[in-house]
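Trainee: Here it is, the structure in full.
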């Protein structure tokens with residue numbers, strides 16, 4: 001098996017703070033590069049502070065999302081993580097979607113999105129009027145039909161509440177991780193795309209083992225090299241708020257401070273860069289000064305929330321294991 005799932009915050013902290021003894025993963029000690037990465041995480045955890053300016057930015061974004069709420073799953077996750085309250089009608093709406101489709105969706109990402117939303121809202125995706133969405137996910141023959149997105153969010157969905165996957169499933173966690181490792185480019189990215197690379201790192205965040213750690217380090221190195229001098233990220237030379245948001249979530253989910261030197265260029269760090277996309281109404285723009293829109297705003301809300309959780313040593317942004325059943 002190429003990876004070991006890290007269970008619980010204590011195991012995570014032991015692995016981060018394990019400078020007193022070599023960390024053993026799958027019978028072998030961590031490489032010098034991995035040890036260096038762990039030391040960076042330890043330093044970040046001890047020195048990072050969620051600055052007041054970021055708190056204000058987060059609260060404005062949260063207010064905009066609440067005032068422009070459309071029952072988007074990503075909006076809802078951001079609201080729940082910040083307020084601990086499920087917007088009225090959200091869970092019922094998700095369940096009605098599943099019932100109306102009789103549990104059959106052509107895109108695997110629809111299963112993943114609904115599972116994550118239900119997990120966040122305290123629902124039970126293993127039994128929606130007798131329909132088991134978890135089983136439909138891990139036995140889905142179309143897992144790779146949407147490229148890496150299905151695999152990435154398949155892992156995130158299954159780990160959102162540590163759902164049990166049988167050993168004979170079509171897609172076990174090991175198979176999903178293996179697929180990601182096999183499809184990583186030599187330079188460290190997934191398809192040369194900042195957003196997809198960041199999302200893959202979010203999916204791999206709970207996993208360890210030498211191959212996984214090396215793959216993640218290559219990806220982080222690639223992202224650092226791709227960062228623009230403004231501190232932002234994008235594609236084809238065009239900077240966007242969504243790319244910065246995904247990188248912040250990826251770094252925070254893996255215990256790396258997004259304001260650290262590796263992700264700070266002459267124009268600043270990636271968190272400050274994302275802040276520059278906030279409009280006067282509190283929402284976020286896709287490109288600077290183009291007006292607030294829902295997708296940019298919900299992703300920025302999730303990014304600042306993920307960073308806040310990193311600083312406060314709380315669970316990852318898509319970890320809903322502490323959410324009680326509704």
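The values are calculated or read from the model by the stated rules, or taken from the named source; none is laboratory data. A quick note: this is a predicted structure, and the numbers were derived from the prediction, not measured. Cβ: placed from backbone, ideal geometry, glycine included. Neighbour counts: every protein chain shown.
Trainee: Please verify whether residue 40 is touching a strand residue (DSSP E or B) at 6+ places or on another chain (Cβ under 7 Å), part of a helix (DSSP H, G or I) and either closer than 29 Å to residue 174 by Cβ or at pLDDT below 95 (or both), treating the condition exactly as stated.
Mentor: no
Trainee: Of the numbered conditions (1) within 19 Å of residue 173 (Cα to Cα); (2) in contact (Cβ under 8 Å) with a residue 24 or more places away in the chain, residue 110 satisfies every one except a single condition; which is it?
Mentor: So residue 110 meets the others, but not (2).
Trainee: What is the number of the single condition among (1) modelled with pLDDT under 95; (2) outside any loop (DSSP other than H, G, I, E, B) that residue 250 does not meet?
Mentor: Result: residue 250 fails condition (1) only.
Trainee: Scan 101, 120, 145 and give me the residue that is within 17 Å of the chain's Cα centre (by Cα) and under 27 Å from residue 75 (Cα atoms).
Mentor: Values: 101 fails: within 17 Å of the chain's Cα centre (by Cα); 145 fails: within 17 Å of the chain's Cα centre (by Cα).
After ruling out the rest, the residue left standing is 120.
Trainee: Being more than 18 Å from residue 293 (Cβ to Cβ) and part of a helix (DSSP H, G or I) is the filter here, so list the residues in segment 227-247 that pass it.
Mentor: Listed by number, the list holds a single entry, 247.
Trainee: Can you go through 108, 65, 98 and tell me which one is crowded, with 18+ Cβ neighbours inside 10 Å, over 24 Å from residue 203 (Cα atoms), touching a helix residue (DSSP H, G or I) at 6+ places or on another chain (Cβ under 6 Å) and at pLDDT 95 or above?
Mentor: On inspection, the qualifying residue turns out to be 65.
Trainee: To continue, here is another question. What's the number of the only condition in (1) in contact with a strand residue (DSSP E or B) (Cβ under 7 Å, 6 or more places away or on another chain); (2) in a loop (DSSP other than H, G, I, E, B) that residue 289 fails to meet?
Mentor: (1)
Trainee: Considering only segment 185-198, state which residues are at negative phi and surrounded by fewer than 20 Cβ atoms within 10 Å (Cβ to Cβ).
Mentor: Step one: of segment 185-198, the residues at negative phi are 185-187, 189-190, 193-198.
Across segment 185-198, the qualifying residues are 185, 186, 187, 193, 196.
Trainee: Give just the number: which of (1) in contact with a strand residue (DSSP E or B) (Cβ under 8 Å, 6 or more places away or on another chain); (2) outside the structural domain of residue 245 (by TED's automatic domain parsing) does residue 60 not satisfy?
Mentor: Evaluating residue 60 over (1) in contact with a strand residue (DSSP E or B) (Cβ under 8 Å, 6 or more places away or on another chain); (2) outside the structural domain of residue 245 (by TED's automatic domain parsing) leaves (2) as the failure.
Trainee: With (1) in contact with a helix residue (DSSP H, G or I) (Cβ under 6 Å, 6 or more places away or on another chain); (2) modelled with pLDDT of 95 or more as the list, and residue 234 as the residue in question, which single condition is left unmet?
Mentor: (2)
Trainee: From the list 258, 324, pick out the single residue that is surrounded by fewer than 16 Cβ atoms within 10 Å (Cβ to Cβ) and assigned to a loop (DSSP other than H, G, I, E, B).
Mentor: Testing whether each residue is surrounded by fewer than 16 Cβ atoms within 10 Å (Cβ to Cβ) and assigned to a loop (DSSP other than H, G, I, E, B) leaves just 324.
Trainee: Also: Test residue 290 against the criterion of being at pLDDT 95 or above and closer than 26 Å to residue 180 by Cα, and give yes or no.
Mentor: So residue 290 does not fit the description; no.
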